[in-house]
1. Mind checking which residues of segment 284-342 are of a type in the set (Gly, Ala, Ser) and within 14 Å of residue 190 (Cα to Cα)?
2. Identify, please: which residue in segment 230-267 is in contact with a Pro (Cβ under 8 Å, 6 or more places away or on another chain) and among the aliphatic types (A, V, I, L, M) and is, among those, farthest from residue 43 (Cα to Cα)?
3. Is at least one residue of segment 278-287 among the aliphatic types (A, V, I, L, M), more than 27 Å from residue 362 (Cα to Cα) and modelled with pLDDT of 95 or more?
4. So, in segment 1-52, of the ones that are modelled with pLDDT under 95 and of a type in the set (Val, Ile, Thr), which residue ends up surrounded by the most Cβ atoms within 10 Å (Cβ to Cβ)?
5. Go through 178, 174 for me and flag whichever is part of a loop (DSSP other than H, G, I, E, B) and out of contact with any Cys (no Cβ under 7 Å at 6 or more places or on another chain).
6. Which residue pairs have Cβ atoms under 7 Å apart, sit 6 or more places apart or on different chains, and have a first residue in segment 98-119 that is in a strand (DSSP E or B) and surrounded by 12 or more Cβ atoms within 10 Å (Cβ to Cβ) and a second that is at pLDDT 95 or above and among the β-branched types (Val, Ile, Thr)?
7. I'd like the residue in segment 252-284 that is out of contact with any helix residue (DSSP H, G or I) (no Cβ under 7 Å at 6 or more places or on another chain) and not in a helix (DSSP H, G or I) and, out of all such residues, is surrounded by the most Cβ atoms within 10 Å (Cβ to Cβ).
Amino acid sequence: MTAFRASCCLGAVLLSAAAVADLGDPLPGLAPDDAARFEAGKEEFSAAESVEEGLGPVFNEASCVACHRGPGDAVGGTNQRLETRFGRYRTDGTFDPLTELGGSLLQDHGIGSFNGVEFLGEVVPADAVTAQRRTTPLFGLGMVDATPTSTFLGLALIQAILHPSTAGTPSVVTDPTTNRLALGKFGWKAQVPSLFVFSGDAYLNEMGITNPIFPDESCPGGDCSLLAANPAPGLNDDGEGVEKFNDFMTLLAPPPRGHRDFYTEYGNVVAASIGCLDCHTQTLRTGSNAVAALDQVAYHPFSDFLLHDMGSLGDGITQNRATGKLMRTQPLWGLRTQERLLHDGRASSIVEAIRAHHGQGRAARREFESLNAFDRFTLLAFLNSL
């Protein structure tokens, strides 16, 4: 049994202090200054942008919380909103994101009539490849951001040695803040290297707010000439909003575990034995951090944050080096709070999601189907405790 599988055996399940926080709460034990940064970030995260502040001219929602709320009123979660990515495959097999037509992200709202131009939501070209992607919860992602790159590269190396048929691939991206190569960890394609970049990217691409990381406005439907009528040209955010979004997400606690008993802990062992935890890595540890709540802390995301070939379960969209079949391992923490599963929300149950696994996930799916009734019961009890 590998070290990563052994970490999930009975008696080895770790309970971090952060597990006692409720959904949407800050990390426990924050210093007063950090707690104040969290609250200021939460306020900015929840605020709706206006056209005068730079909203649009095409956008998806006017605030972060419009997508990232739930379950209930928990700020930082998800309401399961689906967004659309699109593109086209060239004759040589390469992917064209159709930037000249507004791709690859569809902005489905427009700000209306300004300066003689009617800004409408974008439409998908008739012959484009499309994919739906769920808005994902943000709980605990500050701990992922605080984890050394070497941890994820080490996971990829160990997987390549011990489980080559299901080994993950690190997502290599360009960090726009440094113009250097970096490890992508966030987004369905692990296309974003940090929460800071994630904040700037969402500000521009989801709300149309230009900022120091992404200063260039999105051209509506790919037609940059329309920007001459943009009612709020220039830099919409001086960087303060991006910083506050980053503070909120960085200091947001991970989701708490649900009820645990003998059956859930036995199911944890079953999950390891059939290979689920080869990709859904149970325990990671943050590196050194100035925030005590993020300093050398063990946490349990149930993801390696690497790319895996998911075969027909891939979304067909290429971003950076993540081709159409490659998807980042989705964290399983908070699984019990999700009504829809998989990147496009096609699955309404855990069993349905497992049975949709393809590509490198096929072996675990076959193992699941071969489980006896008791082992399957305990495995599902474990997954429903996450």
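The values are calculated or read from the model by the stated rules, or taken from the named source; none is laboratory data. Everything numeric here is computed off the predicted structure, so don't read it as measured data. Reconstructed Cβ throughout: ideal geometry from the backbone, glycine too, with neighbour counts over all protein chains shown.
1. Initial filter on segment 284-342 (of a type in the set (Gly, Ala, Ser)): 287-288, 290, 292-293, 298, 303, 311-312, 314, 316, 322, 324, 334.
Passing the criteria: 303, 314, 322, 324.
2. Selected residue: 235.
3. Residues of segment 278-287 among the aliphatic types (A, V, I, L, M): 284.
Filter again for more than 27 Å from residue 362 (Cα to Cα), leaving none.
Taking every residue of segment 278-287 in turn, none turns out to be among the aliphatic types (A, V, I, L, M), more than 27 Å from residue 362 (Cα to Cα) and modelled with pLDDT of 95 or more.
4. If we take residues in segment 1-52 being modelled with pLDDT under 95 and of a type in the set (Val, Ile, Thr), then 13 is surrounded by the most Cβ atoms within 10 Å (Cβ to Cβ).
5. Details: 174 fails: part of a loop (DSSP other than H, G, I, E, B).
Result: 178 is the single residue among 178, 174 that is part of a loop (DSSP other than H, G, I, E, B) and out of contact with any Cys (no Cβ under 7 Å at 6 or more places or on another chain).
6. As it stands, the answer is 104/317; 109/58; 110/58; 119/58; 119/111, since those pairs meet every condition given.
7. Of the residues in segment 252-284, the ones out of contact with any helix residue (DSSP H, G or I) (no Cβ under 7 Å at 6 or more places or on another chain) are 259-262, 265, 269, 273, 280, 282-283.
Pick out the ones that are also not in a helix (DSSP H, G or I) and you get 259-261, 280, 282-283.
Working: 259: 10, 260: 15, 261: 11, 280: 23, 282: 25, 283: 17.
My answer is 282.
Matching residues to (1) under 24 Å from residue 154 (Cα atoms); (2) in a loop (DSSP other than H, G, I, E, B):
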position: 221; (1), (2): no, no
position: 226; (1), (2): no, no
position: 231; (1), (2): no, yes
position: 236; (1), (2): no, yes
position: 301; (1), (2): yes, yes
position: 324; (1), (2): no, yes
position: 332; (1), (2): yes, yes
